[in-house]
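All of the numbers you see were taken from the coordinates with simple rules; none came from a lab. Worth saying up front: this structure is predicted, and the values here are computed from it rather than measured. When we count neighbours, we look across all protein chains shown, and the Cβ atoms used for this are built from the backbone with ideal geometry, even at glycine.
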Amino acid sequence: MFDQRKNIFSGTPNNEALIHFKGILMNIQIFGTKGCSNTRKTERYFKERRIQFQFRDLYEKGIAKGELENITRVISLEELIDREGKQFKKRNLQYMVFDLEEELLSDPLLLKTPIVRNGKEVTIGYKPEIWKVWK
């Protein structure tokens, strides 16, 4: 049900974060970690605009295979893995041959963050110039 005073939808299934923003229905998901400065900036961006979102802390809960498949329809696995990150170096993956999808599913801290989804649209990193035009 749409509440015009709050400009949001309530009672949505599966507690999805939905909002009616400038006449547009948005379903924002942010995948990241609390310690990532770009993830915090991304959360702040949506909070300041009163756009509700669902946050997934990759330390607490990884990414499901179906979610990863939805993301990789837009962004390749190669673009998702953070080869410069602490976790990649800690595990010495630069010296190994491995299956990208398998590693990202088993260790979500290998992902670049934040990953922001709005339905079928996806970005990696802090990209307000892209989020402004999302419908």
Requested in this report: Among the listed pairs K34/K86; K89/K127; K65/K127, give every one whose C-alpha distance is greater than 19 Å.
Outcome: K89/K127; K65/K127
Query raised in the report: What full-extension length gain, to one decimal in nm, is calculated for V133 and D107 as 0.36 nm per residue of separation minus the Cα-Cα distance?
Result: 6.2 nm
Query raised in the report: At a Förster distance of 25 Å, what's the computed FRET efficiency of V97 paired with I75, Cβ-Cβ distance as r, to 0.05?
Result: 0.65
